[in-house]
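Undergrad: Sending over a structure as structure tokens; questions will come in a sec.
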Amino acid sequence: MLYTAPVNELRFGLQVHAKLDQILQLPTADGLDKDTVDAVLEEAARFAQEEWAPTNRTGDLNGAKVSDGKVYVHPDLVQAYQAFCESGWASLRMPSEFGGQGLPAAVSAACEEMWCAANLSLSLMPMLTLGAVDAISKHGSEEQKQTYLPKMCEGVWSGTMNLSEPNAGSDLGNLTTKAEPQADGTYRINGQKIFITWGDQEITENVIHLVLARLPDAAAGVQGISMFIVPKFLVNADGSLSERNGVSVTGVEHKLGIHTSPTCTMQFDNAEGYLIGRASKGLAYMFTMMKAARMNVGIEGHAVAERAYQNALAYAKERKQGRDVESDSTDAAPIIRHADVRRMLLVQKATLAAQRALYLRAAGLNDLANGCADNVLRKQAERELDFFIPIIKAWLTDNSVILTNLAIQIYGGAGYVEESGIAQYMRDARITPIYEGTNGIQAADIAGRKTSGKDGALPLGLLAEGKDLAEKLALSDGLLAEQLNQAIAAAEDSIACLVAVSDQAALTAAASAAWLQQIGTTLGAVELARAYLTAADALNGTAENVFGDDFYTAQQHNARVYFAHILPQVYTATLQIKQAQPLLDMPLELF
């Protein structure tokens, strides 16, 4: 299945939505310039297309397997990961003080889209390693950082997150894994963890598990959770590997998709572990990793949908069936000539443009939150980033299932046949709404204080940006401006509703899924309005025309399709929010 990295779309998105010029002025981007960023994107695209994309189907057909207590994947995937590390991609966003390149989050996110589209299963391992590095670098001791981070930053050692247990999935307050303190300051970890992505494998020299567990005197619930480093192999004082630790894989799940990625059941039997930070602060520390992972999962869903769209587009141009009703010819026409096929393709294309704009904006906020010297601007970036994270995670991944399904529909019966390859994308994408806190959890998160706090000040501020853009848009396209203003007014109405019921937790939760879809769709429109105006400036000569007229014209068409065929969904969401009570009224015995 083909994949062409959308380099120009990524360059455009970095400039317009991530505000690359502003990021390059940060102290954390010292020595980086646009030319270097362009070079990174071009080489990342080449690597994704040539090295990783061909292994995607191989991994789907030859999934991870357990043999003699070891987890193996197809040799092509091993070679692809090793090439990834040898080319320096594993260290791209890793902290420079431990051997990483320290590139901005926005640039890294653009590259991560390409890795995820090329091979989602394989991309999960470096993504989790990055999150583990982030958690250890922010909360670990100096000794822990020096022991683990250099090898992890190279990709020679990988990282995992161990949260879920058989009786404690998303409800981590029920976890029972135990950590017994030892006289030498270490801990003995005992328990079982499930659904651990890349929990074990023979590709990297070591696997560094971050494990949530309870001390003997820990409080009940989430307040009693601590976080521990538990390596697969113990590490000697000189950094060399010692004996195997008491951690093993007892099974690998047989999954709908992402077959290359081993989803493991991990058993900890008197394993040696090391406390990170303070006792009972483990969940807070793990959220460092989970926030990063939620952003990345959104990119994963988007990326798979992008590749599915590319293949559906190619098929629609080649497959001939039916007559072109706009032509006098009786010959069979490529199916892209048929209105319903064009509708499905354009819904994919426009939604992908909005998604890319949103995740790049969020990645830019991440850079500002971590590198801006101005305390007021940094705090504002942090607040906005916290608001965007559940949107990126949930809105993009819900859409990924819809968009990959549309790609299959364009193939018709051929899409339902595994040999065509397109079905893999829907199977792979389906995990993303579940990963890292289901989308219902993300909706509940955003519908609470993040929306209603200070009478909705934060989302109202984001919508005010949209009003400013609509005012500019009115000068060139009055219809688009009107459509955007109406959608913003509907979102403001929903915010007022959520503020009014903010003391009613159940009613807020009942309205939360509709609100997440509404605010994601609306903020996507705001960013496409920004793209439309930028394209207009390039086309009329008031700004540099970097990518050519066709590219900028396509950006404007994206906005028109989105505003006409996707944005109207927000009005249904407004009604659902206002009428959430019936979801609570049905007695359970009547289900």
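The values are calculated or read from the model by the stated rules, or taken from the named source; none is laboratory data. Quick caveat, the model's predicted, so the values are computed rather than measured. Neighbour counts run over all protein chains shown; Cβ positions are idealised from the backbone, glycine included. The accessibility values were calculated without ligands, DNA or RNA, using every heavy atom of the protein model including side chains. Shrake-Rupley method; radii C 1.70, N 1.55, O 1.52, S 1.80 Å.
Undergrad: With the crude spin-label approximation of a point 7 Å out along Cα→Cβ, what separation in nm comes out for Asn236 versus Glu180?
TA: Taking the two extended label points, one gets 2.8 nm.
Undergrad: Which cross-chain or sequence-distant (5 or more) residues have an amide H under 5 Å from the amide H of Asn206, H modelled 1.01 Å from N in plane?
TA: Counting only residues 5 or more places away or on other chains, the set is Ser158.
Undergrad: Okay, next question. Using unit Cβ charges (K, R positive; D, E negative) and no other charged atoms, how large, in debye to the nearest 20, is the dipole of the stretch 516-582 about its Cα centre?
TA: Working: 3 positive and 5 negative charges, 90 e Å.
Charge dipole of the stretch 516-582: 440 debye, to the nearest 20.
Undergrad: In what sequence, highest mean first, do 80-92, 467-479 appear when ranked by Cβ atoms within 10 angstrom?
TA: Top to bottom by mean Cβ count within 10 Å: 80-92, 467-479.
Undergrad: Okay, moving on. Helix-only estimate, please: 222 nm mean residue ellipticity of the chain, summing -39500 (n - 2.57) across DSSP H runs of length 4 or more and dividing by its residues, to the nearest 500. If you can, show how the numbers build up before the last one.
TA: Working: 20 runs with 327 residues, N = 591.
Computed ellipticity for the chain at 222 nm equals -18500 deg cm²/dmol.
Undergrad: Give the distance, in whole Å, between the Cα centre of the stretch 16-82 and the Cα centre of the stretch 92-157.
TA: The stretch 16-82 and the stretch 92-157 have Cα centres spaced 12 Å from each other.
Undergrad: Per-residue counts of other Cβ atoms within 10 Å, averaged by peptide: what ranking do you get for 543-553, 366-376, 517-527, highest first? Present the calculation step by step, with values, prior to reporting the outcome.
TA: Numbers: 543-553: 13.2, 366-376: 17.0, 517-527: 25.0.
Taking the mean over residues of other Cβ atoms within 10 Å, the ranking is 517-527, 366-376, 543-553.
Undergrad: How do Glu300, Glu326 stack up against each other in accessible area, from largest to smallest, with a 1.4 angstrom probe?
TA: If we order Glu300, Glu326 from most to least accessible, we get Glu326, Glu300.
Undergrad: Please go through the residue pairs Lys138/Lys255; Lys255/Lys291; Lys138/Lys178; Lys232/Lys255 and name each one whose alpha carbons sit more than 28 Å apart in this structure. Could you put the intermediate results ahead of the total?
TA: Numbers: Lys138/Lys255 34 Å; Lys255/Lys291 25 Å; Lys138/Lys178 24 Å; Lys232/Lys255 24 Å.
Where the Cα-Cα span goes over 28 Å, the pairs concerned are Lys138/Lys255.
Undergrad: Can I ask one more? Just how much of Arg46 is accessible, in Å², when a 1.4 Å probe is used and the result is rounded to the nearest 10?
TA: Accessible surface of Arg46 is approximately 80 Å².
Undergrad: With point charges of +1 on the Cβ of Lys and Arg and -1 on the Cβ of Asp and Glu, referenced to the Cα centre of the chain, which listed residue (Asn8, Thr36, Gly448) lies farthest in the positive direction of the dipole?
TA: Gly448
Undergrad: On a full-extension model of 0.36 nm per residue, what is the gain between Thr553 and Asn485, subtracting their alpha-carbon distance, rounded to one decimal in nm?
TA: Result for the pair: 22.2 nm of gain on full extension.
Undergrad: Using only the Cα atoms of the stretch 240-389, what are the Rg and Dmax in Å?
TA: That works out to 24.4, 77 Å for Rg and Dmax.
Undergrad: Of Thr351, Ala505, Pro390, which is farthest along the charge dipole of the chain in the positive direction, counting Lys and Arg as +1 and Asp and Glu as -1 at C-beta?
TA: Ala505
Undergrad: Counting pairs of alpha carbon atoms under 8 Å apart in space and at least six apart in sequence, what relative contact order in percent does the stretch 391-447 give?
TA: Value for the stretch 391-447: 45 percent.
Undergrad: Additional query: Roughly speaking, to the nearest percent, how much of the stretch 1-155's 1.4 Å accessible area is carbon and sulfur?
TA: For the stretch 1-155, the apolar C and S fraction of the accessible surface comes to 46 percent.
Undergrad: Probe 1.4 Å, all protein chains in place: accessible area of Lys70 in Å², nearest 10?
TA: 90 Å²
Undergrad: Let me ask something else. Could you point to the residue in Thr553, Thr542, Leu516 farthest towards the positive end of the stretch 500-591's charge dipole, with +1 and -1 charges on the Cβ of Lys/Arg and Asp/Glu respectively?
TA: After comparing all options, I get Leu516.
Undergrad: What is the Cα coordinate range of the stretch 1-96 on the first, second and third principal axes, sorted by size from largest, in whole angstrom?
TA: 52, 31, 20
Undergrad: Whole angstrom only: what separates the Cα centroid of the stretch 204-272 from the Cα centroid of the stretch 297-340?
TA: That distance is 45 Å.
Undergrad: If you don't mind, another one. Let's see if you can work this out: charge +1 on each Lys and Arg Cβ, -1 on each Asp and Glu Cβ, no other charges. What is the dipole magnitude of the stretch 388-446 about its Cα centre, in debye to the nearest 20?
TA: The dipole of the stretch 388-446 has a size of about 60 debye.
Undergrad: Let me ask something else about it. What figure in square angstrom, to the nearest 10, would you give for the accessible area of Ser141 with a 1.4 Å probe?
TA: For Ser141, solvent-accessible area is about 50 Å².
Undergrad: Using a 7 Å offset from the Cα along the Cα-to-Cβ direction at both Leu2 and Ile441, what is the distance between the two label points in nm, to one decimal?
TA: 3.9 nm
Undergrad: Taking a ≥ b ≥ c as the square roots of the Cα gyration tensor eigenvalues, with a/c under 1.5 meaning rounded and otherwise prolate when a/b beats b/c, else oblate, which class fits the stretch 151-239?
TA: On the way: a/c = 2.65, a/b = 1.40, b/c = 1.90.
Since a/c reaches 1.5 but b/c is at least a/b, the shape of the stretch 151-239 is classed as oblate.
Undergrad: Could you work out how far the C-alpha centroid of the stretch 527-546 sits from that of the stretch 357-410, in angstrom?
TA: The stretch 527-546 and the stretch 357-410 have Cα centres separated by 22 Å.
Undergrad: For the stretch 370-443, what does the alpha-carbon gyration tensor say about shape, rounded, prolate or oblate, given a ≥ b ≥ c as the root eigenvalues, a/c under 1.5 as rounded, and a/b over b/c as prolate?
TA: In terms of gyration-tensor shape, prolate.
Undergrad: Residues in the stretch 482-514, backbone N under 15 Å from the label point at Asp455 (7 Å along the Cα-to-beta-carbon vector): list them, ranges by number please.
TA: 493, 495-502, by backbone N distance to the label point.
Undergrad: Please work out whether the stretch 54-178 counts as rounded, prolate or oblate from its C-alpha gyration tensor, where a ≥ b ≥ c are the square roots of the eigenvalues and a/c under 1.5 means rounded, while otherwise a/b larger than b/c means prolate and anything else oblate?
TA: Verdict is oblate for the stretch 54-178.
Undergrad: Show Val133, Val78 ordered by accessible area, largest first, where the area counts protein heavy atoms only and the probe is 1.4 Å.
TA: Val78, Val133
Undergrad: With a cut-off of 20 Å, note down the residues of the stretch 152-194 whose backbone N falls inside the zone around a label point 7 Å from the Cα of Asn270 toward its beta carbon.
TA: Correct set: 177-193.
Undergrad: Roughly how many debye, to the nearest 20, is the charge dipole of the stretch 348-469 about its Cα centre, given +1 on each Lys and Arg Cβ, -1 on each Asp and Glu Cβ, and no other charges? Kindly include the intermediate steps, with their values, before the conclusion.
TA: Numbers: 13 positive and 14 negative charges, 41 e Å.
Its charge dipole is roughly 200 debye.
Undergrad: Over all distinct Cα pairs, what is the inverse of the mean 1/r for the stretch 396-513, reported as the Kirkwood hydrodynamic radius in Å?
TA: For the stretch 396-513, inverting the mean 1/r across all distinct Cα pairs yields 17.1 Å.
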